[in-house]
Structures are given as structure tokens and as C-alpha cells.
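Colleague: Structure provided below as C-alpha cells; questions to follow.
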Amino acid sequence: MYRAYVTRASSGDLDNTPIIEQILKLRLENAMLLDYNNFSELSMATKMATVDKAVELQEKLCSASWNHAIEDMEDLKSFLKGQGAIEADDLRPWDINFWSERLRESKYDINEEDLRPYFSLPKVMDGLFNLAKILFGIDIEPADALAPVWNTDVRFYCVKDSSSSPIAYFYFDPYSRPSEKRGGAWMSGVISRSRVLSNNGSTARLPIANIVCNQTPPVGDKPSLMTFREVETVFHEFGHALQHMLTKQDESLVAGTRKIEWDAVELPSQFMENWCYHRDTLMSLAKHYKTGESLPEDIYLKLVSARNFRAGSLTLRQVRLGSVDLELHTKYVPGGSESIHDVTQRIAKRGEVIPLLLDDRFLCSFNHIFAGGYAAGYYSYRWAKVLSADAFSAFEDAGLDDSKAVKDTGHRFRETILALGGGKPALEVFVEFRGREPSPEALLRQYGFILPVQPVPTSA
């Protein structure tokens with residue numbers, strides 16, 4: 001089954017290899033017509049990163065995660081031996097996912113379903129809105145009477161600044177309705193901030209966002225109960241909405257999330273996810289819907305630990321995919337002596353603890369870079385995590401227990417990352433917030449690849 005999976009669309013009339021070769025050839029021709037040396041340069045022309053910066057990040061992550069990936073594999077082998085599994089001394093690629101999940105269950109013993117009673121939607125949203133008030137000085141109030149809705153489950157909210165003046169609105173459509181909604185979650189802009197398109201032309205038209213999720217609806221007196229992953233998802237999509245709503249750009253074409261570089265647009269959303277692991281924030285919203293009891297401390301600690309489960313191995317995999325993508329769009333010569341599958345094997349030799357199968361043809365079904373918009377951009381998955389971790393570390397550096405420092409840092413985040421939209425290059429915006437260019441160190445600390453910096457004790 002595993003072999004069938006990694007060799008999809010790679011043989012006979014359904015072999016995508018020649019199609020991929022043609023795609024790469026045409027992309028290279030397109031780039032050269034526009035006076036770029038390769039397609040990666042063309043792709044990066046509208047992104048925050050440069051080719052060199054993306055390659056540098058991949059190399060840093062590979063180096064930092066390698067030993068941890070080996071430790072992951074040794075932990076897995078030890079677990080298999082303890083289980084009496086015959087695969088313990090000869091792990092193959094198809095064994096990894098199955099046994100990793102068994103190890104996760106054994107190590108953390110967290111059942112998502114058992115946690116639902118601690119995450120009722122009303123309490124989670126109250127906690128999220130309170131966090132937004134603390135960080136960004138905004139109040140969020142129900143405003144259902146101000147706008148029509150397409151379903152009785154949909155809520156409408158008004159966002160007000162510190163003077164109680166409305167600055168934005170948003171719809172929230174939380175529950176699953178399979179007959180009319182696709183799965184997943186997303187944020188979309190309904191109306192963008194604009195001065196030209198306002199009614200009077202003097203004050204800006206206020207932005208309106210739409211947040212859509214697919215959570216379990218309430219039943220009777222029982223509220224909608226969420227998994228921890230769904231809590232993260234709501235925080236994530238709310239981060240996107242904040243950037244749409246708190247923009248100060250008066251030109252709608254660059255307001256909110258519009259025209260923000262592809263590899264920077266996930267910064268606010270992933271930044272907000274970090275607060276789900278902040279003890280005070282999580283404990284403020286994790287209350288049993290019947291008893292009001294807080295989430296047990298040991299469960300909180302397990303959630304934090306499980307966040308980095310096999311981080312070394314997973315990072316190496318993402319680096320390998322990103323490296324293959326950049327190699328194919330930077331140095332690869334279509335029709336040359338090296339095939340696309342040769343490139344995959346060559347890069348995997350320095351980026352996988354367990355070698356790929358020689359007949360691995362995952363490229364033939366790698367939709368992200370050949371049909372999904374991530375061509376010469378797969379690195380952005382980790383680039384965005386670098387940005388979000390680095391941004392969150394600004395709050396850690398200021399002191400998460402220092403309410404004034406958190407407020408001041410949140411104000412700076414709002415006035416830069418959330419306010420400036422696509423009207424200014426993302427790198428300049430980040431430097432304005434952080435005081436320097438992004439660094440992967442915060443992400444490496446978050447993953448446990450490097451130790452946290454300890455404060456230097458002051459002398460008496």
C-alpha cells in the first residue's frame with residue numbers, strides 16, 4: 001500500500017513525469033523572457049524572502065533538526081522493542097507513521113474527545129476577545145441587529161477602539177452544515193477599508209471580515225464543545241481577521257491582507273496560535289462547561305509537550321520538500337542528464353534519517369508545487385513559522401507576566417504587522433516591529449532544538 005501511494009501517477013499513460021518536465025521547462029522559459037535567471041527568482045520577486053534567504057533558512061533548519069530527528073528515530077525504535085515489534089531493528093518508511101502515533105498515544109495519553117468539555121465555544125470566544133483587548137486595546141461586542149445573516153447560527157460583531165468608536169465588523173459562522181458548507185476553516189474579506197469608496201469620501205469605509213469554521217453545533221442546553229485543534233483553528237482564523245480589520249491603509253487594494261507577500265500572510269494567524277499554549281490564556285478559557293473546573297495542570301503540560309512531538313523528523317521532511325522545490329526551480333535543467341527523481345534522491349540522502357525507496361515518485365503527485373500555487377514557495381511553510389515565532393518571542397522578551405510590557409508590545413504589533421497591510425514591504429514592516437530582520441532562533445527554541453536563554457542573575 002505504501003509503495004502504491006508513493007508511486008501514484010508515475011507509470012504508463014498516467015505518468016506525470018513528462019508533464020512535470022514540460023512544466024519546469026515552460027516556467028524556466030517564462031522567467032528568462034522576463035530577464036530572471038530562473039523561476040525561483042521570478043517567484044521570489046513578489047515574496048518577502050529572496051532565493052538566498054530561503055536556501056539559508058532551509059540549511060539552518062536542516063542542521064538544527066538533524067540530531068533531533070535521529071533522537072526521534074531512536075526513541076521510536078526503543079518504543080518498538082518495548083512493544084516486542086519485529087520491525088524494531090529494521091524500520092522502513094511505511095512503519096513510521098503507524099508507530100509514531102502509537103508512541104504519541106503512549107507518551108502523552110491525550111484524547112481530543114475527552115478534552116471537549118473544557119472548551120465550550122462561548123467560553124473560548126470570551127477568552128479570545130479578552131486576549132484581543134489585552135494585546136491590541138480593542139473591544140468586541142455583539143451587533144447582530146446591524147446586519148442580515150444567511151443562517152440563524154451566524155453572529156455579527158462590532159470591533160471598537162479604546163474610545164468606543166467602531167473600527168470594523170465581522171461575521172462568525174461557527175458550525176458545520178455539510179449540505180451548504182465545505183469543510184475546513186477560513187477567513188475572507190467581505191469589505192475592505194477604503195476612503196475613496198466611503199459614503200462621504202472623508203472618513204474611511206470600515207472593513208468587514210467573515211470567519212467560517214465547521215465545529216459541532218450545540219445540542220439542547222449543551223453548548224458547542226471544541227477539540228483543542230479547533231481552538232487553535234479559531235485563534236488562527238481570528239489572526240487573519242485581525243489583519244483585515246485593524247488595517248490603517250485607506251487604499252482598499254493594499255488594505256488588510258491584500259497585496260501582502262505570499263510568505264508573510266500567515267504571520268498574524270500563526271502568531272495567534274502561540275497564545276493557545278500560554279498558560280494564563282489557555283486556563284482563562286479552558287473551563288469545564290458544567291462544573292467550571294479549570295483544565296488540569298497535567299493535561300496542559302501534556303498539550304505543550306505534545307506540540308513538539310517528533311519536531312526534528314517533521315522539520316527535516318518539510319526542509320526536504322522545500323529543498324527539492326527550490327532545486328527544481330533554481331538549478332535543475334529540464335531534459336538534462338539528471339531526472340527530477342534523481343534530484344529527489346540526491347536531496348533525500350542529506351535530509352532523511354531513513355532513506356527513501358529507490359522507486360519513490362512522490363513528485364508525480366506533489367500538487368503543491370505543480371498545481372497548487374507553491375512553485376518555488378514551499379519553503380514558506382517554515383518561513384511563516386519563523387516569522388510568527390520570532391514575533392511571539394518579542395512578547396516573551398518583554399515578559400509575559402508584565403502586563404504593561406505585553407500591552408506595549410501588542411500596541412507595536414498592531415501598529416505595524418496588523419496596520420500596514422500590503423502598503424509597505426513585509427520585511428520593512430517586520431523590521432519596524434522587531435527592530436531587526438527575522439531570525440529562526442525563536443522557532444528553534446520553540447521546537448526544543450536550542451535551549452532558552454536564561455536571564456543573567458544580578459549581583460546583590
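Colleague: Buried (at least 21 other Cβ atoms within 10 Å of the Cβ), at pLDDT 95 or above and on the phi > 0 side of the Ramachandran plot: is that true of residue 391 in this structure?
Modeller: Considered against the rule, which asks whether it is buried (at least 21 other Cβ atoms within 10 Å of the Cβ), at pLDDT 95 or above and on the phi > 0 side of the Ramachandran plot, residue 391 comes out as no.
Colleague: Something else now. What residue, among those in the stretch 404-460 that are surrounded by fewer than 14 Cβ atoms within 10 Å (Cβ to Cβ) and among the β-branched types (Val, Ile, Thr), is modelled with the highest pLDDT?
Modeller: Among those that are surrounded by fewer than 14 Cβ atoms within 10 Å (Cβ to Cβ) and among the β-branched types (Val, Ile, Thr), it is 453.
Colleague: For the stretch 177-196, which residues satisfy the criterion of being loosely packed, with under 14 Cβ neighbours inside 10 Å and not in a strand (DSSP E or B)?
Modeller: Correct list: 177, 178, 179, 180, 182, 183, 184, 196.
Colleague: Quickly run through the stretch 215-250 and pick out the residues that are under 22 Å from residue 112 (Cβ atoms), part of a helix (DSSP H, G or I) and touching a strand residue (DSSP E or B) at 6+ places or on another chain (Cβ under 7 Å).
Modeller: 230, 233, 234, 237, 238
Colleague: Please pick out the residue among 91, 103, 80 that is more than 23 Å from the chain's Cα centre (by Cα), assigned to a loop (DSSP other than H, G, I, E, B) and crowded, with 16+ Cβ neighbours inside 10 Å.
Modeller: 91
Colleague: Tell me, which residue of the stretch 251-269 that is out of contact with any Gly (no Cβ under 7 Å at 6 or more places or on another chain) and assigned to a helix (DSSP H, G or I) is nearest to residue 413 (Cα to Cα)?
Modeller: 267
Colleague: Quick test for you: out of 116, 193, 102, pick the one residue that is of a type in the set (Lys, Arg) and without any contact (Cβ under 8 Å) to a residue 24 or more places away in the chain.
Modeller: The unique qualifying residue is 102.
Colleague: Right, here's the next one. Are there any pairs, at least 6 apart or on different chains, whose C-beta atoms fall under 6 Å, with the first in the stretch 212-233 and touching a residue at least 40 places away in the same chain (Cβ under 8 Å) and the second among the basic types (Lys, Arg), and if so, which?
Modeller: What qualifies is 225/116.
Colleague: I would also like to ask the following. Pairs needed: first member in the stretch 287-307, exposed (fewer than 11 other Cβ atoms within 10 Å of the Cβ); second member anywhere, part of a helix (DSSP H, G or I) and modelled with pLDDT of 95 or more; C-beta distance under 8 Å; at least 6 residues apart or different chains.
Modeller: Partner pairs satisfying both residue conditions: 290/117.
Colleague: Quickly run through the stretch 331-352 and pick out the residues that are over 19 Å from residue 9 (Cβ atoms), in contact (Cβ under 8 Å) with a residue 40 or more places away in the chain and surrounded by fewer than 19 Cβ atoms within 10 Å (Cβ to Cβ).
Modeller: 331, 335, 350
Colleague: Looking at the stretch 1-31, which of the residues that are more than 28 Å from the chain's Cα centre (by Cα) and within 12 Å of residue 330 (Cα to Cα) is surrounded by the fewest Cβ atoms within 10 Å (Cβ to Cβ)?
Modeller: Only one residue tops the list, namely 25.
Colleague: Could you list all residues from the stretch 270-286 that are more than 30 Å from residue 50 (Cβ to Cβ) and either touching a Gly at 6+ places or on another chain (Cβ under 8 Å) or buried (at least 20 other Cβ atoms within 10 Å of the Cβ) (or both)?
Modeller: Scanning the stretch 270-286 gives 275, 276, 281, 282, 284, 285, 286.
Colleague: Cβ-Cβ below 8 Å, separation at least six or inter-chain, first residue in the stretch 241-265 and hydroxyl-bearing (Ser, Thr, Tyr) and buried (at least 19 other Cβ atoms within 10 Å of the Cβ), second part of a loop (DSSP other than H, G, I, E, B) and at pLDDT below 95: which pairs?
Modeller: That search, which allows pairs on different chains as well, returns 252/196; 252/197.
Colleague: Further question: Might you let me know whether the stretch 229-252 holds any residue that is of a type in the set (Ser, Thr, Tyr) and more than 24 Å from residue 201 (Cα to Cα)?
Modeller: yes
Colleague: Pairs needed: first member in the stretch 66-89, at pLDDT 95 or above; second member anywhere, polar (S, T, N, Q) and exposed (fewer than 12 other Cβ atoms within 10 Å of the Cβ); C-beta distance under 8 Å; at least 6 residues apart or different chains.
Modeller: 79/106
The values are calculated or read from the model by the stated rules, or taken from the named source; none is laboratory data. Bear in mind the structure is a predicted one, so any value in this text is a computation, not a measurement. Glycine also receives a Cβ, built like all others from the backbone with ideal geometry; neighbour counts cover every protein chain displayed.
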